[in-house]
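Peer 1: Attaching a single structure in structure tokens format; questions to follow.
The values are calculated or read from the model by the stated rules, or taken from the named source; none is laboratory data. All values derive from a computational prediction rather than experimental measurement. All Cβ positions, even for glycine, are placed from backbone atoms using ideal geometry, and neighbour counts span all protein chains on display.
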Amino acid sequence: MAKTTTIFLCQNCGAQFPKWLGKCTTCNEWNTIVEEVTQKEEKREWKQTSSKKRKVVPLSINEITIQKEDRIVTNNNELDRVLGGGLVRGSVILLGGEPGIGKSTLCLQVALTIPKKILYVSGEESQSQIKMRADRLKGVNNNCLILTETNTQNIFKHIEKEQPDVLVIDSIQTLFTDVIDASPGSISQIRETTAELTKFAKETATPVLLIGHINKEGSIAGPKILEHMVDVVLQFEGDRNHTFRILRAQKNRFGSTAELGIYEMQHTGLREVSNPSEVLISDKDDDLSGNAIVATLEGARPLMIEVQALVSTAVYGMPQRSATGYNVKRLNMLLAVLEKRAGFRLGAKDVFLNIAGGIKVDDPAIDLGVVCAILSSNEDEPVPSNMCFAAEVGLAGEIRPVSRIEQRILEAEKLGFEVIVISSYNKIDTGKFGIIVRKISKVDDLVDLLF
Ligand code: TYD
Ligand code: MG
């Protein structure tokens, strides 16, 4: 006879309590503790039926051999790069993002292009709905199986029969296991089903791609432990009205978290944007004041982006400073530098800053471009459209060098810019580039250069 127990779980951090409390003593959140019924029953989750159980013994690190084909390439270049070169065998990948951002589309597209047998388990859509979506996407995979099921025990039965190379779960919040009695989407179900899937992944060396919902704060719904349990946490972002989507790794046990994948949502699904600079710079016929192009880096990849500034006389007593995709504090600092070191009176002006394309940048190399866009808008003088920037601005108004300048210069050259402005402290031979490299050392030099 199953013994029923109830526990109290914090829906925010996953901490367990024997009784209800108004405030979680672990994460200090109010009203997050909910009673959940758990049933301890010997109905075990994933069991490997084959008898080839490995004996595990400690090994010297020098003796450990890595299997040759360690990663499964998905043929989705952006995803492969963010993962660090494909799906690692036995890894569990959690893909989070807002509703309607394209998580299911991305996974289905991967299912259609991956040259492996893949089982796509959906608890959200019917098989015919998925088929309708698949018809709009390109790619055919005869080894793509679609299953609509939410019970993990049943899913494992199908897995044993079909033996897929890759498993996709859409989404973890819809799954439930018979082992415990809580409703799908509750903390204990999410934790238990993820544990079962993780065990399955490790024992069979099958990569598992989990789709996860996010809560209103933007983090993945469920306890933080979920993010600790999996190997890779990917975040799919971008605003829904924009066509661009950005895939980043928040955690990656097998690669860098600095990499970034860019997609464009089209009526035929997600298109990989292999040259993001082209889409992030807006096409325009006339030179407009307040725009400057900067050479930044996202991960290992150089990226040309457009910084837009609008400086206008403040209508209300308190001037407004607002920035989209850029740190407002840093904007205020740069405004203070311009005021103090270059003599621009911006104290009574509203300053709005925007990074085009809806992306967020924290590379200091865009400082010079920000300063330039602000000055250009303030003076109502366009920045020459063949010019771009890559340097940091210091508190003394000095132009500071930035890392990997050569890559930035080459990207600017590739995109047809004629002049790039960098710091004179960047030790680099400027003669070898096909683009003119202008070196400056103070903000004043920039003013001379532009106006
Ligand atoms: P979806 O993958 O269902 O989002 P999620 O699983 O993250 O909730 O994506 C749904 C959105 O994508 C929907 O608003 C329509 C859009 N979309 C396209 O624009 N083109 C397409 O080919 C597809 C399949 C979806
Ligand atoms: Mg979905």
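Peer 1: Of all residues in region 90-108 being more than 6 Å from ligand 1 (Cβ to nearest atom) and not aliphatic (A, V, I, L, M), which is nearest to Gly269 (Cα to Cα)? First the steps, then the outcome.
Peer 2: The initial filter retains those residues of region 90-108 that are more than 6 Å from ligand 1 (Cβ to nearest atom), namely 90-96, 98, 106-108.
This time we only want the ones that are not aliphatic (A, V, I, L, M), so: 90-91, 96, 98, 107.
On the way: Gly90: 28, Ser91: 26, Gly96: 18, Glu98: 17, Cys107: 11 Å.
Filtering region 90-108 for residues that are more than 6 Å from ligand 1 (Cβ to nearest atom) and not aliphatic (A, V, I, L, M), the one nearest to Gly269 (Cα to Cα) comes out as Cys107.
Peer 1: A follow-up question, please. Report yes if some residue within region 73-88 is over 21 Å from Ser274 (Cα atoms), surrounded by fewer than 16 Cβ atoms within 10 Å (Cβ to Cβ) and either at pLDDT 90 or above or in the same structural domain as Val232 (by TED's automatic domain parsing) (or both); otherwise report no. Walk me through how you get there before you give the answer.
Peer 2: So in region 73-88, the residues over 21 Å from Ser274 (Cα atoms) come out as 88.
Applying the additional criterion that residues be surrounded by fewer than 16 Cβ atoms within 10 Å (Cβ to Cβ) yields none.
No: zero hits.
Peer 1: Being in contact (Cβ under 8 Å) with a residue 12 or more places away in the chain, over 26 Å from Asn354 (Cβ atoms) and either aliphatic (A, V, I, L, M) or assigned to a helix (DSSP H, G or I) (or both) is true for just one of Leu368, Leu410, Leu395. Which residue is that? Talk me through it step by step, then tell me what you get.
Peer 2: On the way: Leu368 fails: over 26 Å from Asn354 (Cβ atoms); Leu395 fails: over 26 Å from Asn354 (Cβ atoms).
That would be Leu410, the only listed residue that is in contact (Cβ under 8 Å) with a residue 12 or more places away in the chain, over 26 Å from Asn354 (Cβ atoms) and either aliphatic (A, V, I, L, M) or assigned to a helix (DSSP H, G or I) (or both).
Peer 1: Looking at Ser126, Ser91, Ser104 in this structure, which one is closer than 20 Å to Gly185 by Cα, of a type in the set (S, T, N, Q) and touching a Lys or Arg at 6+ places or on another chain (Cβ under 9 Å)? Full working, then the answer.
Peer 2: On the way: Ser126 fails: touching a Lys or Arg at 6+ places or on another chain (Cβ under 9 Å); Ser91 fails: closer than 20 Å to Gly185 by Cα.
Being closer than 20 Å to Gly185 by Cα, of a type in the set (S, T, N, Q) and touching a Lys or Arg at 6+ places or on another chain (Cβ under 9 Å) holds for just one of Ser126, Ser91, Ser104, which is Ser104.
Peer 1: Considering region 119-143 alone, what residues qualify as being within 24 Å of the chain's Cα centre (by Cα) and either among the β-branched types (Val, Ile, Thr) or outside the structural domain of Val168 (by TED's automatic domain parsing) (or both)?
Peer 2: Once the filter is applied, which keeps residues that are within 24 Å of the chain's Cα centre (by Cα) and either among the β-branched types (Val, Ile, Thr) or outside the structural domain of Val168 (by TED's automatic domain parsing) (or both), region 119-143 yields only Val121.
Peer 1: So which residues in region 313-353 are in contact with a Phe, Trp or Tyr (Cβ under 8 Å, 6 or more places away or on another chain) and in contact (Cβ under 8 Å) with a residue 60 or more places away in the chain, if there are any at all?
Peer 2: Leu338
Peer 1: Further question on the same structure: Does region 121-138 include one or more residues that are more than 30 Å from Thr6 (Cα to Cα), small (Gly, Ala, Ser) and within 13 Å of ligand 1 (Cβ to nearest atom)?
Peer 2: For region 121-138, residues more than 30 Å from Thr6 (Cα to Cα), small (Gly, Ala, Ser) and within 13 Å of ligand 1 (Cβ to nearest atom): present.
Peer 1: If we scan region 354-362, do we find a residue that is within 22 Å of Ile399 (Cβ to Cβ) and without any contact (Cβ under 8 Å) to a residue 60 or more places away in the chain?
Peer 2: yes
Peer 1: Would you pick out the residues in region 159-194 that are under 23 Å from Ala111 (Cα atoms), within 26 Å of the chain's Cα centre (by Cα) and more than 16 Å from ligand 1 (Cβ to nearest atom)?
Peer 2: Asp165, Val166, Leu167, Thr193, Thr194
Peer 1: Right, something else. Please pick out the residue among Ser60, Ser51 that is at pLDDT 80 or above and assigned to a loop (DSSP other than H, G, I, E, B). Working first, answer last.
Peer 2: Numbers: Ser51 fails: at pLDDT 80 or above.
Of Ser60, Ser51, the one residue that is at pLDDT 80 or above and assigned to a loop (DSSP other than H, G, I, E, B) is Ser60.
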